[in-house]
């Protein structure tokens, strides 16, 4: 099977990554557009080149025109971004990911680790999430996922119920279950993501405590904790639904938005929530808040 590789040259490569993944890219990677070296990054740091190409991999029969339209409309420099595509032959993309992705630590004891590298984590009290993302987004390497995992690792989740809206590979819901949550629901528009979440839940021994569904099959619920790592516009549109899904006094974490979009997203949730201080990493913001109790 061959693939289509969409190449995006933009000043916002990680935002381009979000858009590509949201439109069904099977894999996304970054390469240098100008052959400049990147020195060894510090632990936990994701360093990109000054001039970065974002490469999205799509099935050979995919119509790329809607993806290009979204890139033009959503990227801050979309009108000027250079976008083209090429046909490439198949590779074992999961093995490529495993080769390049080291174990990642979040908080004091949470680790996200490719299943083939579990032996590299020797911390006695480590909580290890074994991950094989397949073709669904969510490995912990992206700043938005890392922001959410850091937040979950800092919370007392014992006995809590979790809603992961836009679950991707299920990494956030599964991490919450491993950290003590009692049950979780994962929602995603992509059946491939639901499949990856189920597989990863089985791999981590939590399949009996998680349910996954498409948005149209989502049944109203109130969870103690809601996490939504998607894009800014969907977060704004989903504000009433996600607010109803947080129990009074419960917590919400919103990610997938650029720093410049934080005020607009926060305003959409202000009728229901009291906010913590925002946290920013590499141009991306995480918003966390508590649901007000009814008076």
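The values are calculated or read from the model by the stated rules, or taken from the named source; none is laboratory data. This one's a predicted model, so the numbers in the text were calculated from it and none came from an experiment. Don't worry about glycine lacking a Cβ; one is built from the backbone with ideal geometry, like all the others, and counts go over all protein chains shown.
Hey, any hits in the stretch 208-221 for a residue that's in a helix (DSSP H, G or I), modelled with pLDDT under 95 and closer than 18 Å to residue 252 by Cβ?
Checked the stretch 208-221: at least one residue is in a helix (DSSP H, G or I), modelled with pLDDT under 95 and closer than 18 Å to residue 252 by Cβ.
Can you confirm whether residue 257 is surrounded by 20 or more Cβ atoms within 10 Å (Cβ to Cβ), part of a helix (DSSP H, G or I), in the same structural domain as residue 145 (by TED's automatic domain parsing) and in contact with a helix residue (DSSP H, G or I) (Cβ under 9 Å, 6 or more places away or on another chain)? Break it down into steps so the answer makes sense when it comes.
Working: surrounded by 20 or more Cβ atoms within 10 Å (Cβ to Cβ): yes; part of a helix (DSSP H, G or I): no; in the same structural domain as residue 145 (by TED's automatic domain parsing): yes; in contact with a helix residue (DSSP H, G or I) (Cβ under 9 Å, 6 or more places away or on another chain): yes.
Judged against the criteria, residue 257 is not a match.
Which residue out of 181, 289 is part of a loop (DSSP other than H, G, I, E, B), under 20 Å from the mean Cα position of the chain (by Cα) and at pLDDT 95 or above? Walk me through how you get there before you give the answer.
Numbers: 289 fails: part of a loop (DSSP other than H, G, I, E, B).
Going through 181, 289 in turn, just one is part of a loop (DSSP other than H, G, I, E, B), under 20 Å from the mean Cα position of the chain (by Cα) and at pLDDT 95 or above: 181.
Sort out which residues of the stretch 179-192 are in contact with a strand residue (DSSP E or B) (Cβ under 8 Å, 6 or more places away or on another chain) and crowded, with 16+ Cβ neighbours inside 10 Å, and write them in order of number.
Here is the first cut: in the stretch 179-192, the residues in contact with a strand residue (DSSP E or B) (Cβ under 8 Å, 6 or more places away or on another chain) are 179, 181-188.
Once the filter is applied, which keeps residues that are in contact with a strand residue (DSSP E or B) (Cβ under 8 Å, 6 or more places away or on another chain) and crowded, with 16+ Cβ neighbours inside 10 Å, the stretch 179-192 yields 179, 181, 183, 184, 185, 186, 187, 188.
Please work out if residue 270 is closer than 19 Å to residue 173 by Cα, loosely packed, with under 14 Cβ neighbours inside 10 Å, free of Cβ contacts under 8 Å to residues at least 40 places away in the same chain and in the same structural domain as residue 163 (by TED's automatic domain parsing).
Working: closer than 19 Å to residue 173 by Cα: no; loosely packed, with under 14 Cβ neighbours inside 10 Å: yes; free of Cβ contacts under 8 Å to residues at least 40 places away in the same chain: yes; in the same structural domain as residue 163 (by TED's automatic domain parsing): yes.
So residue 270 fails the test.
What tally of residues in the stretch 143-164 results from selecting those that are touching a helix residue (DSSP H, G or I) at 6+ places or on another chain (Cβ under 7 Å) and either within 16 Å of residue 249 (Cα to Cα) or not in a helix (DSSP H, G or I) (or both)?
Let us first name the residues in the stretch 143-164 that are touching a helix residue (DSSP H, G or I) at 6+ places or on another chain (Cβ under 7 Å), namely 143, 145, 148-149, 152, 157, 162, 164.
Still in the running and either within 16 Å of residue 249 (Cα to Cα) or not in a helix (DSSP H, G or I) (or both): 157, 162, 164.
The total comes to 3.
Quick one: in the stretch 100-142, of everything that is buried (at least 21 other Cβ atoms within 10 Å of the Cβ) and part of a loop (DSSP other than H, G, I, E, B), which residue is modelled with the highest pLDDT?
The qualifying residue modelled with the highest pLDDT is 142.
From the set of residues in the stretch 58-99 that are under 20 Å from the mean Cα position of the chain (by Cα), buried (at least 16 other Cβ atoms within 10 Å of the Cβ) and at pLDDT below 90, which is nearest to residue 232 (Cα to Cα)?
58
Return the pair list, or none, for Cβ contacts closer than 7 Å from residues in the stretch 223-238 that are assigned to a loop (DSSP other than H, G, I, E, B) to residues that are surrounded by fewer than 24 Cβ atoms within 10 Å (Cβ to Cβ), at least 6 apart or on different chains.
231/22
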